[in-house]
Amino acid sequence: MNSKIRAIAKRIKEYNTIVIARHIGPDPDAVASQIALRDAIKLRYPSKSVYAVGTPVAKYKSYGILDKVNEEKLENALLFVLDCPNISRIDGANIEKYAEVIKIDHHPFEDKMGDIEWVDENASSACEMITEFLITARFRANKDIAENLFIGVVADSDRFLFTSPGGKTLELMSILIKNSKIDITSVYPRLYLRPLNEVKFQSYITEHLKVTANGFASLKIDKKVIEKYKVDAGTASNLVNNFNNIKEILCWALVSYDEKLGLFKVNIRSRGPAINEVASKFNGGGHAHASGARIKNQKDIDKLFKALDAACKEFKKNQKDN
């Protein structure tokens, strides 16, 4: 057994109160992984108090209901931080309030959070890592748990376009499906079924993308457009992966304003240039080809766009040289 998995299983057994957090502005992988882990622990240890915390997102309600916790009243509690490399981006939990912190993440390492940190950049998703943990540590996954894990993996791997080396992702999913007997064809609509106004909103984005000669595409989506198509600021985030197969585009960024947080959310994807180092200079980060940033003013957005365009130019130059 993986030493990290053994240590995590031991800590779960030792603590009676466990809180599971993830990053702010969650995607399906973040929410699905924390709810799946919570429910799997409760299935194994019914007497334990286990909570999945963070700001609820209406469109992910089918994954399970999140919990509310008063950290001031917690005593000797264990905190899991999933799918989040930065302390500043943890949603709903203060690591200082916990006896011990365990990080499980597939992003490049950034902040140290606890004594046990299982970071696997080769994993497709946090849900893949939770699946590996449950299988290896012999935790049971019922139908709901298995469906959440499958959803998270499908979402973050872009329907298995990006998987772990050596077929590990597919192997784990095969075991999960076999053991839980889930019907994956009934799971896909929870990810891909969309209202007509959202499809029209995607068409608007496609029509208005600004593409440079270097292959960088961008679009700033203002409040009037959001209101016209009756979507929310997070919808652009969910659509960003849909522009992966446009021949003329190497890297693209969609920007929307989050009024609750008072900042611009930038979602960035790439088919070539590494973008996480660029994003890290603008209060962001992530994977080499899937990153994001949170920016407070328009000038920094323009600077970010210039840096991403330069990354595209350098990538094309290196491709020619080689």
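No lab work stands behind these numbers, since they all come straight from the coordinates. Please read all numbers here as calculations on a predicted model, not as lab measurements. Cβ: placed from backbone, ideal geometry, glycine included. Neighbour counts: every protein chain shown.
Rg(Cα) of the stretch 127-271 divided by 2.2 N^0.38 Å?
Details: Rg = 18.0 Å, N = 145, 2.2 N^0.38 = 14.6 Å.
Rg over 2.2 N^0.38 Å, computed on Cα atoms: 1.24.
List the pairs from K4/K143; K168/K317; K143/K200; K112/K220; K13/K178 whose alpha-carbon separation is above 30 Å, in the order I gave them.
K168/K317; K143/K200; K112/K220
Looking at the stretch 131-202, which trypsin sites (Lys or Arg not before Pro) are in a loop (DSSP not H, G, I, E or B) and have at most 16 other Cβ atoms within 10 Å?
For trypsin sites (Lys or Arg not before Pro) across the stretch 131-202 that sit outside H, G, I, E and B with at most 16 neighbouring Cβ atoms in 10 Å, the list reads R138, R140, R159, K181.
Which residue fluctuates the most in the chain, going by a Gaussian network model with Cα springs under 10 Å, if the choices are K223, K42, K247?
K247
Listed here are the pairs K210/K316; K224/K260; K223/K260; K61/K228; K59/K103; K97/K281; which of them are more than 23 Å apart at the Cα? Write down the numbers at each step before the final one.
Details: K210/K316 18 Å; K224/K260 16 Å; K223/K260 13 Å; K61/K228 25 Å; K59/K103 26 Å; K97/K281 29 Å.
Listed pairs above 23 Å: K61/K228; K59/K103; K97/K281.
Are there any GluC sites (Glu not before Pro) in the stretch 1-81 that are in a DSSP loop and have at most 16 other Cβ atoms within 10 Å? List them by number.
Passing both the DSSP loop test and the Cβ count: E75.
If a/c stays under 1.5 just call it rounded; otherwise compare a/b with b/c (prolate if a/b is bigger, oblate if not). Do that for the stretch 3-191, with a ≥ b ≥ c from the square roots of the Cα gyration tensor eigenvalues.
The shape class here is rounded.
Based on the alpha-carbon gyration tensor of the stretch 196-321 and its eigenvalue square roots a ≥ b ≥ c, which shape applies: rounded if a/c is under 1.5, prolate if not and a/b is larger than b/c, or oblate?
It is oblate, given that a/c is not under 1.5 and a/b is not larger than b/c.
GNM, the chain, Cα, under 10 Å: largest mean-square fluctuation among Y192, Y60, Y45?
Of Y192, Y60, Y45, the Gaussian network model singles out Y192 as fluctuating most.
Is the stretch 1-100 best put as rounded, prolate or oblate by its Cα gyration tensor, with a ≥ b ≥ c the root eigenvalues, rounded for a/c under 1.5, and otherwise prolate when a/b is larger than b/c, oblate when not?
In terms of gyration-tensor shape, rounded.
Give me F162, F133 ranked fewest to most by other Cβ atoms within 10 Å of their Cβ, as a rough exposure proxy.
Listing F162, F133 from fewest to most nearby Cβ atoms yields F162, F133.
For C127, C84, what ranking results if the residue with the fewest other Cβ atoms within 10 Å of its Cβ goes first?
Fewest to most other Cβ atoms nearby, the residues stand as C84, C127.
Can you match semi-axes √(5λ) of the Cα gyration tensor in Å to one of these, (i) 33, 21, 20; (ii) 35, 32, 16; (iii) 45, 23, 18, based on a calculation from the structure here?
Recomputing semi-axes √(5λ) of the Cα gyration tensor in Å here gives the entry labelled (i).
Angle, helix 298-321 long axis vs. longest principal axis of the chain, Cα atoms, 0 to 90°, nearest 10?
For 298-321 against the chain, the angle is about 80 degrees.
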